[in-house]
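Beneath this line is the structure, given in structure tokens, with notes to follow.
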Amino acid sequence: MWNRFTGGIIIKFRQIQLQDKPVFDEFFRQQYYENAHFNFTNLFMWRNAYQIEWAIEEDFLYARAAWGDQKYVLQPFGPQQQLGKAMGKWLEYFRKLDFPLVMSGVEAGPAAIIEQMMPGKFIISSDRDNYDYVYRVQDLIDLKGRSYHSKKNHVNSFRKNYSNYQYLPLTQELIPQCIDNIIEWCRKHGCYKDPMLLAEKNAIIEILNNFELLQLTGGIIVIDGKVEAFSFGEQLNTDTAVIHVEKANPEIKGAYAAINQEFCKNSWSHLAYINREEDMGIPGLRKAKQSYHPVKMVEKYIITQKGK
């Protein structure tokens, strides 16, 4: 669908390259973004699976994406007081394409501004399956109180059963072992029969292979010389870290709870919040994320143009 339009291009898109990181970082620092996807790492790691492309036009960063036949764009990134101008650019772009604008992952603030600026022009729908779960860092470290009783039991059981475990920062020399871990995880979860899981595996391996260049922070759990769990993320905004990936051997009881607590304690105790991304509407994942008792949800919206 993106290739339908060849003449009179008003936004010139290009593929994301690793060397583009400073440009994206500069745009994402301009505002307090809470959406876990609004950072270079996330867009880079999913650029192939979601056909993500980007452009800069008149002080705004524009991004478009596709999954199968579903084509959509992200909210414009730039000066919020000029958001109306940027939306006008999007509308003109879609008018040239001759189909309605569809914008996904829009944060609540920009969604309200867009509706105020252009009342009645869009259908604005809540996208609950893609709300991000945000937790207090100290809650995930301490696991205090009745609400976290079962989580603390899992961690204590893990420490008792695997008393020789080591938690280590994720460094370059440990990357190959993490890649072995995700390949094994993928085999156990049938990734090769699931396009999304396979895309995730490929994305994680690429990020691990560029770990230092992307300036990420990570941690691992080693048992008997083997990496059995790992996690990595980065600072998302002034008070929040985002966890991009967390994987553990599903056969080791308590490994997920342990890597979660250890990573928060060792890497993120100086921040207030942890964003652990969305549940995608998957019942088991929703239950797991809710079990850690988020203090807030980052609401996201789909904005669809009425007509053309």
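The values are calculated or read from the model by the stated rules, or taken from the named source; none is laboratory data. Remember, it's a predicted structure, so these values are computed and weren't measured experimentally. So basically every Cβ, Gly included, is an ideal-geometry build from the backbone, and we count neighbours across all protein chains shown.
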Enumeration of residues in the stretch 63-84 that are within 17 Å of Ala111 (Cα to Cα), at pLDDT 95 or above and among the small types (Gly, Ala, Ser): Ala63, Gly78
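Being crowded, with 20+ Cβ neighbours inside 10 Å and either touching a helix residue (DSSP H, G or I) at 6+ places or on another chain (Cβ under 8 Å) or basic (Lys, Arg) (or both): is that true of Gly78 here? Give the derivation first.
Details: crowded, with 20+ Cβ neighbours inside 10 Å: yes; either touching a helix residue (DSSP H, G or I) at 6+ places or on another chain (Cβ under 8 Å) or basic (Lys, Arg) (or both): yes.
In short, yes.
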Those strands (runs of 3 or more DSSP E) lying entirely in the stretch 58-157 with at least 2 residues farther than 21 Å from Glu299 by Cα and hydrophobic (A, V, I, L, M, F, W, C): 60-67
Could you tell me whether the stretch 226-237 includes any residue that is assigned by TED's automatic domain parsing to the domain that holds Phe263, within 19 Å of Pro250 (Cβ to Cβ) and among the charged types (D, E, K, R)? yes
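Do we have Cys178 as at pLDDT below 95, under 30 Å from Tyr292 (Cα atoms), assigned to a helix (DSSP H, G or I) and within 23 Å of the chain's Cα centre (by Cα) here?
On the way: at pLDDT below 95: no; under 30 Å from Tyr292 (Cα atoms): yes; assigned to a helix (DSSP H, G or I): yes; within 23 Å of the chain's Cα centre (by Cα): yes.
No, not satisfied.
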Give the stretch 139-171 a look and list any residue that's out of contact with any helix residue (DSSP H, G or I) (no Cβ under 6 Å at 6 or more places or on another chain) and buried (at least 17 other Cβ atoms within 10 Å of the Cβ), or say none. Asp139, Tyr148, Tyr162, Tyr165, Leu170
Report whether or not Phe60 is at pLDDT 95 or above and not basic (Lys, Arg). yes
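Residues in the stretch 13-48 that are assigned to a helix (DSSP H, G or I), over 18 Å from His244 (Cα atoms) and touching a residue at least 24 places away in the same chain (Cβ under 8 Å): how many?
Taking the stretch 13-48 first, the residues assigned to a helix (DSSP H, G or I) are 18-28, 40-45.
Now restrict to residues that are over 18 Å from His244 (Cα atoms): 19-20, 22-23, 26-27.
Right, trim to touching a residue at least 24 places away in the same chain (Cβ under 8 Å) and you get 20, 23, 27.
So the count comes out to 3.
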For the stretch 8-19, indicate whether the set of residues that are surrounded by fewer than 20 Cβ atoms within 10 Å (Cβ to Cβ), charged (D, E, K, R) and at pLDDT below 95 is non-empty. yes
Which one of Ala241, Ala258 is assigned to a strand (DSSP E or B), touching a strand residue (DSSP E or B) at 6+ places or on another chain (Cβ under 8 Å) and of a type in the set (A, V, I, L, M)? Ala241
What single numbered condition from (1) aliphatic (A, V, I, L, M); (2) buried (at least 22 other Cβ atoms within 10 Å of the Cβ); (3) not in a loop (DSSP other than H, G, I, E, B) fails to hold for Ala55? (2)
Looking at (1) surrounded by 18 or more Cβ atoms within 10 Å (Cβ to Cβ); (2) closer than 30 Å to Gly88 by Cβ; (3) touching a strand residue (DSSP E or B) at 6+ places or on another chain (Cβ under 7 Å), which is the one condition that is false for Pro110? (3)
